[in-house]
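Have a look at the structure below before the remarks.
A short reminder: the numbers here are calculations on the coordinates, not readings from a lab. Computed from a predicted model, the values in this text were never measured in an experiment. With ideal geometry, Cβ positions are generated from the backbone for all residues, glycine too; neighbour counts draw on all protein chains shown.
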Amino acid sequence: MNPEPVQRLKLSLGERGYEIVVGEELLTRSGEFLGPVLKSRRVVVVSDENVAALYLDLLRDGLKCAGISCHDIVLPAGERTKDFHHLMELLDRLLALHTERQDTIVALGGGVVGDLAGFAASIFLRGIDVVQVPTTLLAQVDSSVGGKTGINTRFGKNLVGTFHQPHLVLADAAVLESLPERQIRAGYAEVVKYGLIDDVEFYEWLEQNGAAVCSGDRQARRYAVSRSCAAKARIVAEDERESGKRALLNLGHTFAHAVEVETGYGDRLLHGEAVAVGMVLAFTLSARVGLCPIDVRDRVHRHLAAVGLPTDLRAAVSDRSHDDGIADSLIEHMSQDKKVRDGRAAFVLARGIGSAFVDRSVDMSDVRSVLLESLAAPGPQK
Ligand code: GLY
């Protein structure tokens, strides 16, 4: 049987550039892809309990075929693992395994594992290499690419971390088949984000094919992953440290992070779900300040709702939606966002689909009004 096509995308960052390999059944061929980028024949795979049970052996066998030896560190699954406590545990276990400077950490998992393992790699022995093997749609299309690493604190998401580019990203779309639909949809929100930022043609393709991507059409999924990775690679290559264009990737995220702090990073609202709610709020704010017609917000809302993503702030914070203080509480969380400069939060606003830009001059009274209106009324009808 012919193997499925493999796409090799480049993230051009000079000496720190690397390939993003997108395809299917890549874990069994991991040695072939990792071999050329490793400095030693020894890796430490960092994973979580759920992912390790499904894919660790496959990855290990693939590495073994290329003569690469492999230790593993398996952590509890879930966003709460992305904290100081688990970072310390991970560093201790790397030391206990006598991990050396030439060895490579392989992050096998979703965004939590990728961010935590990437952060550990960036500080362990003053920095060792990391390869990202993302196993969720969200990690494949966003968090594994671009070198952001970090952990959460009680003040907010990803407030402590580093930029540490991986040496390779291996995105095996076949592993997405074992993901619960809810996780696929959450990742899909980040796919939609690329269309909304600057690619109206991709957005229109998603309006036609989003249901196929979410329900498991392999070709549609591969296309969505590789087009998203290409978009992210293009943006990161232009602005690695987020001094300009990369901030566009935060479309919906200023709202989303505040909602996540409010709801406590649990399973109640996954990151991608919060991003879907946040993107609707970003377009609502854009319409409110006269940048785009309200129909544009409605079109974004329709598509996200059609694939089953949450879009309604009131439902997202349902147990407190009648609490008068919640809008202020969300605004307070926004003031802790790491993109705050001179006390002003950054918002990604849009003049239309595919025309997003960063605005640091948003009047917080407009944000407050959008929050209050969204908390008072259900979102627009499908
Ligand atoms: N997830 C946003 C970024 O990588 O910049």
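Quick notes on this one:
- Percent of Cα pairs exceeding the 33 Å cut-off, where the set is the chain: 27 percent
- The calculated FRET efficiency for the pair Ser365 and Ala53, based on their C-beta separation and a Förster distance of 51 Å, comes to about 0.55.
- Evaluated at q = 0.19, 0.20, 0.21 Å⁻¹: base-10 log I(q)/I(0), Debye formula over Cα of the range 172-329: -1.29, -1.39, -1.47
- Our coupling estimate for the range 204-217, obtained by passing each phi through the Karplus curve with A = 6.51, B = -1.76, C = 1.60 and θ = phi - 60°, is 5, 4, 5, 4, 7, 10, x, 5, 5, 4, 6, 8, x, 4 Hz, Gly and Pro reported as x.
- As an equivalent ellipsoid, the range 87-202 spans semi-axes of 27, 15, 14 angstrom, where each value is the square root of five times an eigenvalue of the C-alpha gyration tensor, largest first.
- Ile331-Lys64 pseudo-label distance in nm [points 7 Å out on the Cα-to-Cβ vector]: 6.0 nm
- Nitroxide proxy distance, nm - points 7 Å out along Cα→Cβ at Arg351 and Val37: 3.7 nm
- Cα long-axis angle, helix 218-238 against the chain (0 to 90 degrees, to the nearest 10): 80 degrees
- Karplus-based coupling profile of the range 136-153, in residue order and whole Hz: 10, 4, 4, 5, 5, 8, 9, 5, 7, 9, x, x, 7, 10, x, 10, 8, 10, with θ = phi - 60° in 6.51 cos²θ - 1.76 cosθ + 1.60 and x standing for Gly or Pro.
- All-pairs alpha carbon distance profile, the range 1-136, 10 Å steps from 0, percent: 12, 44, 36, 8, 1
- Simple spin-label estimate for Thr162 and His85 in nanometres, 7 Å along Cα-Cβ: 2.4 nm
- Under a model in which nothing but the beta-carbon of Lys, Arg (+1) and Asp, Glu (-1) is charged, the chain shows a dipole of about 680 debye around its Cα centre.
- In this calculation the C-beta distance from Asp217 to Ala315 is compared with R0 = 41 Å, giving a FRET efficiency of 0.90.
- Note: relative contact order over the chain, using C-alpha pairs below 8 Å and six or more positions apart, is 15 percent.
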